[in-house]
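The values are calculated or read from the model by the stated rules, or taken from the named source; none is laboratory data. Since the model is a prediction, treat every value here as computed from it, not as a measurement. Here the Cβ positions follow ideal geometry from the backbone for every residue, glycine too, while neighbour counts run over all protein chains shown.
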Amino acid sequence: MGLKNYEVPSKDYAEQYRQLMPAIRDEISRVFLEENPVLGDSVVAFENAFAAHTGVRHAVGVNSGTDALVLALRVLDLEPGDEVVVPANTFFATITAVNMAGARPVLVDPDPDTLNLTAAGVTAAITDRTRVLLPVHLYGRLAPMTELVELADLKGLHVVEDAAQAHGAADAAGRRAGAFGNLGCFSFHPSKNLGAFGDGGIITTDNTETAATIRCLRNLGKVDKYHVGHIAPNSKLDTLQAAILRIKLTHLDAWNNRRRAIAGRYQTELAGVGDLDLPDNPGGEAHVYHLFVIRTEAREALRIHLRAGSINAGIHYPVPPHLQAFDPDHKAGDFPVTEAAARTVLSLPVSWELTDRQIDLVISSIRDFFGC
Ligand SMILES: *Cc1c(COP(=O)(O)O)cnc(C)c1O
């Protein structure tokens, strides 16, 4: 089904590009005529701009958020049996990336309020095989990085951030997602706060040597034109996607502000409605609301009601990773917070291009449903 079949879609790509089209058309024409299709100047220019925006020294473009995670973990030289602590409640690729990097994911149920990892939750999962903490800034809200990095330092662990949903999210001091851990991993899937026209991803780090190794790992393991130092995939960010992303990055902060404004409306106008549990606005921090996820025991009925009113509300995520076919080690009941979330979460449309009128419709439809 096309995204436009709803009066209020969860996002409207055509509308996003309508607003950017002249600039993108000019840039694509220039890149076709002037640049190398692979690892062209636009890749370097975008990597530098993204590193500056994040507040780190290096950024290395790759072809997806999943590969960003796999390559960030590979650079840490994990051994089979080494453990990476991940939240149980995440997009499943956080977890399969650990397997693909040759290590063992250790799942931890998140904090029931924020649905993010906490140091207290992680501590119980640390063993003598633990090498990495891999927090996810779920839905665009920073995980509590100060306490997680402190714990990692105490235990001698690496920190890899899954920032696929958190481009531009920042703590009270302005430090951004991707700048707290040893490595930060971002996705440019079109649905993310910063998205390409297709797949893409990037890894951020302050470590120059690490960045150089990742440049090699993303490019078939090549150390120069004819010499191969690693067995590695071909996972480069395309020149064309980098050119598009470079234009879009200049709008990211404004788009995130617009997302916060929409979230603020929901928080005010849906407060106290029915049994709704709304995500709170973390004081001082910049939450970037990749998703605005409410929780209600009436999730299924509310979703059907919204759909009947031509409003598309998604579920992130209906089947927890530990109950997917790829995980034979877990069973229902293992992660109660994650399983309760899977049953009750509903994502309201919060994309920046949606109009105030469209948000009015969402709010009035939900108020109708609960009879208020
Ligand atoms: C989207 C996403 C990924 C994977 O990114 P792709 O670019 O789709 O491979 C990983 N982790 C999280 C939390 C995500 O939201």
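Restricting attention to the range 336-357, which residues are surrounded by fewer than 20 Cβ atoms within 10 Å (Cβ to Cβ) and either basic (Lys, Arg) or within 16 Å of residue 258 (Cα to Cα) (or both)?
Hits for the range 336-357 are 343, 353, 355, 356, 357.
Would you check if residue 57 is out of contact with any strand residue (DSSP E or B) (no Cβ under 8 Å at 6 or more places or on another chain) and not aromatic (Phe, Trp, Tyr)?
So residue 57 does not fit the description; no.
Out of all the residues in the range 235-254, is one or more within 30 Å of residue 355 (Cα to Cα), part of a helix (DSSP H, G or I) and out of contact with any helix residue (DSSP H, G or I) (no Cβ under 9 Å at 6 or more places or on another chain)? Give the derivation first.
Taking the range 235-254 and keeping what is within 30 Å of residue 355 (Cα to Cα), we get 240-254.
Checking the rest, the ones that are also part of a helix (DSSP H, G or I) come to 240-249, 252-254.
Filter once more, keeping what is out of contact with any helix residue (DSSP H, G or I) (no Cβ under 9 Å at 6 or more places or on another chain): 254.
Looking through the range 235-254, at least one residue is within 30 Å of residue 355 (Cα to Cα), part of a helix (DSSP H, G or I) and out of contact with any helix residue (DSSP H, G or I) (no Cβ under 9 Å at 6 or more places or on another chain).
Looking at the range 89-112, can you tell me whether even one residue there is more than 19 Å from residue 327 (Cβ to Cβ) and out of contact with any Lys or Arg (no Cβ under 9 Å at 6 or more places or on another chain)?
yes
What is the one condition in (1) within 16 Å of the ligand (Cβ to nearest atom); (2) more than 30 Å from residue 25 (Cα to Cα) that residue 248 does not satisfy?
(2)
Could you list, in sequence order, all residues of the range 179-231 that are among the small types (Gly, Ala, Ser) and either free of Cβ contacts under 8 Å to residues at least 40 places away in the same chain or within 16 Å of the ligand (Cβ to nearest atom) (or both)?
Passing the criteria: 181, 184, 187, 191, 195, 196, 198, 200, 201, 212, 221, 229.
Mind checking which pairs have a first residue in the range 151-176 that is over 20 Å from residue 285 (Cα atoms) and buried (at least 22 other Cβ atoms within 10 Å of the Cβ) and a second that is of a type in the set (Lys, Arg) and at pLDDT below 95, Cβ under 8 Å, 6 or more apart or different chains?
none
If you go through the range 74-88 one residue at a time, do you hit one that is under 25 Å from residue 316 (Cβ atoms) and in a helix (DSSP H, G or I)?
At the first step, the residues of the range 74-88 found to be under 25 Å from residue 316 (Cβ atoms) are 84-88.
Now narrow it down to the ones that are in a helix (DSSP H, G or I): none.
Looking for residues that are under 25 Å from residue 316 (Cβ atoms) and in a helix (DSSP H, G or I), one finds none in the range 74-88, hence no.
How about the range 260-284: which of its residues are in a loop (DSSP other than H, G, I, E, B) and under 19 Å from residue 10 (Cβ atoms)?
Correct list: 270, 276, 278, 279.
Could you please give the count of residues in the range 92-111 that are near the ligand (Cβ under 9 Å from one of its atoms) and either part of a loop (DSSP other than H, G, I, E, B) or not β-branched (Val, Ile, Thr) (or both)?
3
Looking at 106, 84, which is the one that is surrounded by fewer than 24 Cβ atoms within 10 Å (Cβ to Cβ) and closer than 17 Å to residue 329 by Cβ?
Numbers: 84 fails: surrounded by fewer than 24 Cβ atoms within 10 Å (Cβ to Cβ).
One residue alone meets the criteria, 106.
Between a first residue in the range 92-113 that is over 24 Å from residue 344 (Cβ atoms) and a second residue that is hydroxyl-bearing (Ser, Thr, Tyr) and assigned to a helix (DSSP H, G or I), which pairs have beta carbons less than 6 Å apart while being 6 or more apart in sequence or on different chains?
As it stands, the answer is 97/66, since those pairs meet every condition given.
Taking the range 272-324, which residues are surrounded by fewer than 17 Cβ atoms within 10 Å (Cβ to Cβ), in contact (Cβ under 8 Å) with a residue 40 or more places away in the chain and within 16 Å of the ligand (Cβ to nearest atom)?
324
Hey, among 327, 360, which residue is more than 26 Å from residue 264 (Cβ to Cβ) and either of a type outside the set (Gly, Ala, Ser) or buried (at least 18 other Cβ atoms within 10 Å of the Cβ) (or both)?
From the options 327, 360, the qualifying one is 327.
For residues that are within 16 Å of the ligand (Cβ to nearest atom) and outside any loop (DSSP other than H, G, I, E, B), scanning just the range 115-147, find the one that is surrounded by the most Cβ atoms within 10 Å (Cβ to Cβ).
In the first step, residues of the range 115-147 are kept if they are within 16 Å of the ligand (Cβ to nearest atom); the result is 115-117, 132-143, 145.
When the remaining residues are screened for being outside any loop (DSSP other than H, G, I, E, B), the result is 132-133, 136, 138-140, 145.
On the way: 132: 26, 133: 27, 136: 25, 138: 27, 139: 23, 140: 29, 145: 21.
Filtering first and then ranking leaves 140.
If you take the residues in the range 30-83 that are farther than 18 Å from residue 239 by Cα and β-branched (Val, Ile, Thr), which one is nearest to the ligand (Cβ to nearest atom)?
Checked the range 30-83; the qualifying residue nearest to the ligand (Cβ to nearest atom) is 66.
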